[in-house]
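The block underneath contains the structure these notes are about, expressed in structure tokens.
The values are calculated or read from the model by the stated rules, or taken from the named source; none is laboratory data. Bear in mind that the values here come from a model prediction, so they are computed numbers and not experimental data. Glycine also receives a Cβ, built like all others from the backbone with ideal geometry; neighbour counts cover every protein chain displayed.
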Amino acid sequence: MAYNIIATSTVGGGGSTSITFNSIPNTYKDLAIFVSTRTDTVANSDGDYAILESFNSNTSNREQRFLYINRGTNSVLAGYTTSNVALGWSNASNHSSNAFCNGFIYVFNYASTTLQKSVQYDSVTANTTGSYYSSGGIASGMWKNTSAITSLTISTASAAKFIQYSTATLYGISEE
């Protein structure tokens, strides 16, 4: 498999609630997105902040299964949801200074017009501040739509913003 860079987006000084990739070419088999993010909002007791996704500006017909591990509370959370599907986590403003969450999103068969789209995500937050410790998680989801994906948006939950230097790089995956 070959990873071909389609686009990279880096958040500027004012921050942004989302990172969007438009006009995605349909010439690849799958998509991969590498993210490195931090938000401007204080996290809850789990110590991180959700990263949401949408395809073609559509946030309906989605479902998700997730496993989340928090080192600070030694807790494991597993679940299933069909609303507000979070495919990852981001470091928050109350985490260790300059620590960003790194994650990887993989979208299968994104250009197909006959298959529903499945997505996998894994991420890890790095933190040593207070009671908020490093955590990680994996998630898998589905967009129950057969439209080819031509745009993809990664956003924060609620009113949080990704801070300056948060980045996302979109790759097209070919079978070379």
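How many residues does the stretch 15-25 contain that are over 17 Å from the mean Cα position of the chain (by Cα) and at pLDDT below 95?
Of the residues in that region, 0 qualify.
A126 passes all but one of (1) of a type in the set (A, V, I, L, M); (2) at pLDDT below 65; (3) out of contact with any strand residue (DSSP E or B) (no Cβ under 8 Å at 6 or more places or on another chain); which number fails?
(3)
Consider only pairs whose beta carbons are under 6 Å apart and that are at least six residues apart or on different chains; among these, list those whose first residue lies in the stretch 17-29 and is at negative phi and whose second residue is loosely packed, with under 12 Cβ neighbours inside 10 Å.
K29/E175
Mind listing whichever residues of the stretch 87-103 are under 23 Å from F21 (Cα atoms) and modelled with pLDDT of 70 or more?
Within the stretch 87-103, F100, C101, N102, G103 meet the criteria.
Looking at the stretch 1-14, which of the residues that are in a loop (DSSP other than H, G, I, E, B) and surrounded by fewer than 17 Cβ atoms within 10 Å (Cβ to Cβ) is nearest to the chain's Cα centre (by Cα)?
As a first pass, look at the stretch 1-14 and keep what is in a loop (DSSP other than H, G, I, E, B): 1, 11-14.
Checking which are surrounded by fewer than 17 Cβ atoms within 10 Å (Cβ to Cβ) leaves us with 1, 12-14.
Values: M1: 22, G12: 19, G13: 21, G14: 20 Å.
Checking each candidate, the answer is G12.
Check Y121, Y106, Y165, Y110 and return the single one that is under 24 Å from D30 (Cβ atoms), modelled with pLDDT of 65 or more and in a loop (DSSP other than H, G, I, E, B). Don't jump to the end; show me each part of the working.
Numbers: Y121 fails: in a loop (DSSP other than H, G, I, E, B); Y106 fails: in a loop (DSSP other than H, G, I, E, B); Y165 fails: under 24 Å from D30 (Cβ atoms).
Sole residue among the options that is under 24 Å from D30 (Cβ atoms), modelled with pLDDT of 65 or more and in a loop (DSSP other than H, G, I, E, B): Y110.
Would you point out the residue of the stretch 26-41, among those that are modelled with pLDDT under 95 and assigned to a loop (DSSP other than H, G, I, E, B), that is nearest to I163 (Cα to Cα)?
This residue is D40.
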